[in-house]
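Take a look at the structure set out below.
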Amino acid sequence: MAAFKPLIAGVLIALIFFSSLYYSITFVDWFDWRGNALSDLGNSAKSEVAAQFNFSLLLVGLLMILLALNYVRHSSRISWILFAVSGFLLQMVAAFDEVYGRLHLLISVAIFTCMGLTILADSIEFRSRAMLGIFALYALIWPLYFFIKTSTGILTRAAIAEVSSVILFMAYFILRCIKTPK
């Protein structure tokens, strides 16, 4: 059982995040994938599920930091730091929700950048083609989002790009937990 601790932690983190997201979207009638950002759910001034959604981001961020410190750092030189910073930035997204305006936007940009750098660093450290493939897809999401948004106007907010990034990060995350030394 002890050999599966990193994998169990990784799956638990993904389950907490996606359960919270599902719960939050289910209990609000205003959320639209094309017209909202995920952080709209955590807007403390406008969202009735903000406390629950932001708490889950704080919890997932904490678990990511603990996983980085307890398991990931034993098998990497750089990526474990980026992994822990991603967890911290996730907590910052929750603490400085959309009410904080520009600060929230800067933190959001920082977390998605850090998540991508984490995948890239790990793909280099592990020499993993699978992780590099995940990074390549991850790196395409935001330019594609901005291209679609500016050329068609279909997407006004970032929820689709955000959830796509998170799904790819979680896929990397689970793969990373499988490769983490026990």
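Within the P(r) computed for the range 112-175, what percentage of the Cα pairs occupies the region above 15 Å?
Of the Cα pairs, 49 percent sit more than 15 Å apart.
Surface composition of the range 79-182: carbon and sulfur atoms hold 75% of the protein heavy-atom accessible area at a 1.4 Å probe.
Here each label is just a point 7 Å from Cα along the line to Cβ, and for SER151 and ALA45 those points are 3.6 nm apart.
Take the Cα of SER19, step 7 Å toward its Cβ, do the same at PHE88, and the gap between the two points is 2.8 nm.
For the pair TRP33 and LEU66, the difference between a 0.36 nm per residue extended length and the Cα-Cα distance amounts to 8.8 nm.
With protein chains left intact and a 1.4 Å probe, residues in the chain average 52 Å² of accessible area per residue.
If the chain linking ARG77 and LYS5 were pulled fully straight, counting 0.36 nm for each residue of separation and taking away their Cα-Cα distance, it would gain 23.9 nm.
Estimated from the Cβ-Cβ distance and a Förster radius of 35 angstrom, the FRET efficiency linking LEU12 and VAL99 is about 0.75. The residues neighbouring HIS104, those whose beta-carbon lies less than 10 Å from its own, together hold a net charge of -1 under the Lys/Arg +1, Asp/Glu -1 convention.
Could you state, as a whole-number percent, how many of the C-alpha pairs of the range 59-182 are farther apart than 26 Å? Roughly 22 percent, once rounded to a whole number. In the chain, the calculated helix contribution to ellipticity at 222 nm averages -25000 deg cm²/dmol per residue, counting -39,500 (n - 2.57) for every DSSP H run with n ≥ 4. Our estimate of slack between THR113 and ILE174, defined as 0.36 nm per intervening residue step minus the Cα-Cα distance, is 20.1 nm.
Just tell me the longest site-free run in the chain, where the sites are chymotrypsin sites (Phe, Trp or Tyr not before Pro) in a DSSP loop having at most 15 other beta-carbon atoms within 10 Å.
On the way: sites that count: PHE27, TRP30, TRP33.
Within the chain, the longest run free of exposed chymotrypsin sites (Phe, Trp or Tyr not before Pro) spans 34-182.
The values are calculated or read from the model by the stated rules, or taken from the named source; none is laboratory data. Everything numeric in this text was worked out from a predicted model, so none of it was measured. Reconstructed Cβ throughout: ideal geometry from the backbone, glycine too, with neighbour counts over all protein chains shown. What goes into the accessible areas is simple: the full protein's heavy atoms, side chains included, and nothing from ligands, DNA or RNA. Shrake-Rupley method; radii C 1.70, N 1.55, O 1.52, S 1.80 Å.
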